[in-house]
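The values are calculated or read from the model by the stated rules, or taken from the named source; none is laboratory data. Quick caveat: nothing in here was measured; it's all calculated off a predicted structure. We place every Cβ from the backbone using ideal geometry, glycine too, and count neighbours over all the protein chains shown.
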2 protein chains.
Amino acid sequence: MPNVLVVDDDHTVREVVVSYLRAGGHEVLEAGDGESALATMRDARADLVVLDLMLPGIDGLEVARRLRETSDVPIIMLTALGEETDRVVGLKLGADDYVTKPFSPRELVLRVDSVLRRAGRADEPDASVVTDGDLVVDAARHVATLRGERLPLTVREFDLLRYLVAHPGVAWSREQLLREVWGWSFGDQSTVTVHVRRLREKVEVDPTRPRRLVTVWGVGYRWEAA
Amino acid sequence: MPNVLVVDDDHTVREVVVSYLRAGGHEVLEAGDGESALATMRDARADLVVLDLMLPGIDGLEVARRLRETSDVPIIMLTALGEETDRVVGLKLGADDYVTKPFSPRELVLRVDSVLRRAGRADEPDASVVTDGDLVVDAARHVATLRGERLPLTVREFDLLRYLVAHPGVAWSREQLLREVWGWSFGDQSTVTVHVRRLREKVEVDPTRPRRLVTVWGVGYRWEAA
DNA sequence: GGCCGACCGTCAGGATCTCGTAAGAGTTGG
DNA sequence: CCAACTCTTACGAGATCCTGACGGTCGGCC
């Protein structure tokens, strides 16, 4: 779910870092120089930037400075050994962490997770585990339990449930749910209707009288916190 | 007192590294080539291996591969400058860190400490022996037993089983398993499918109706704790 | 060296499950 | 009572998974 932008001119380094981050469950964007890094941030927005100090054209420090003009996005600096002074400067510019080359990709992933966790508090609820009373939805394990029993949910049902429970009390239109859960910008809204029904069948005590996944007439659906 | 095994064919390099590590409070073992490195590990067991890539006879990559067959011992690779491809390969083989020559001995000691710290912290899900009811998976001895009987597992099957049992309840995608168990960053995902099938043949009571190594539709596989 | 078996990765066919869609019945609000 | 909206059911297409088979590779053994 969280987007990470990796900026490094070395293709090999990028490849390794990107694959490790993907394995850690991150969406990853790439940029080979400062220009495209800034462009990517304008267009796509990342939740964190891994930024090499040494870049062709605009260097890493300048990229960091410009990013800071418009955004509070966390930055992790990649510095070569012995760039002690640059390291200090980088931190002064507001980098949230730094890693010296050569580094272990696994360590980098740990730092990314750590920084995101720190920064994540202010962001929207994107926790790995969301709960509502006796209901627990664990995204990492891909397990949802109700009163301790595992719910046999399909992927779509799981994603839908997770989204709704993560935002209790909010009424969503079918169109919004299609966009947020399905990732579609168009589509038949009855798709949502049917999936809500199937989900009720598994989540509600009495599916004909929904208590938690309720209909908001003329609007859509809402998750009522227990 | 952690044991560190230093493998390098250059006597001078070894001498320097060893003395620095001893100064840093480590017990140190030495080996001048791959053969004796593997022999040392069989007899003495080190908690970490500092491994030169270029070795006479069996080279460093091969040594790392063989070590990984029976052990999760952390490995720090020593690479000459410009061995970019080897570096990537080394990391894929599961090296925990790498240091490029020429390096500062002090830097190496810092990295040894760092890796040992990391390895020590993560020892819970990475214990040498993982169990689940009547199933015991012993990584150190490379033996898995079910109801007291030894399972005739191949290397791949063993690694897969071990990884799954070490993380019960977690749903893994084939891609994640390829990365974590196979160490690949790409590859045919049907490889995982087939190995899961073969593993079921040996682990499940009724392989056609898996109870422990279950498939999570649209996601991948999960180990259900007994 | 040459044979052999164990193991591995790949592939294709068939079985199974999920998802989106449509269509009719039911319900709500005006 | 009507129109708009929602619920329910069913079904076929497509995605996903299982299974068996095949060729290649590696190490051990003759």
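General remarks:
- Among the residues of segment B:178-226, the ones that are under 24 Å from the mean Cα position of the chain (by Cα) and within 12 Å of DNA strand D (Cβ to nearest atom) come to 17 in all.
- Evaluated against (1) surrounded by fewer than 18 Cβ atoms within 10 Å (Cβ to Cβ); (2) within 13 Å of DNA strand C (Cβ to nearest atom); (3) modelled with pLDDT under 95, B:Arg197 falls short on exactly one condition, (3).
- Contact map, segment A:60-85: first residue more than 16 Å from A:Asp33 (Cα to Cα), second residue small (Gly, Ala, Ser) and modelled with pLDDT under 75, Cβ cut-off under 6 Å, separation 6 or more or different chains; pairs are A:Arg68/A:Gly94; A:Pro74/A:Ala119.
- Condition met for A:Arg141 (in a helix (DSSP H, G or I), closer than 18 Å to B:Val216 by Cβ, in contact with a strand residue (DSSP E or B) (Cβ under 8 Å, 6 or more places away or on another chain) and more than 13 Å from DNA strand D (Cβ to nearest atom)): no
- Cβ pairs under 7 Å, 6+ apart, first in segment A:197-226 and within 14 Å of chain B (Cβ to nearest Cβ), second more than 13 Å from DNA strand C (Cβ to nearest atom): none
- Residue check, A:Leu160 within 14 Å of DNA strand C (Cβ to nearest atom), within 14 Å of chain B (Cβ to nearest Cβ), closer than 21 Å to B:Val219 by Cβ and outside any loop (DSSP other than H, G, I, E, B): yes
- Members of segment B:163-192 that are within 13 Å of another protein chain (Cβ to nearest Cβ) and of a type in the set (Val, Ile, Thr): B:Val170, B:Val181
- Considering segment B:20-128, the qualifying strands (runs of 3 or more DSSP E), each wholly inside and each with 3 or more residues that are more than 30 Å from B:Gly169 (Cβ to Cβ), at pLDDT below 80 and within 14 Å of chain A (Cβ to nearest Cβ), run over B:75-80, B:97-101.
- Scanning segment A:195-216 for residues that are among the β-branched types (Val, Ile, Thr) and out of contact with any strand residue (DSSP E or B) (no Cβ under 8 Å at 6 or more places or on another chain) gives A:Val205, A:Thr208.
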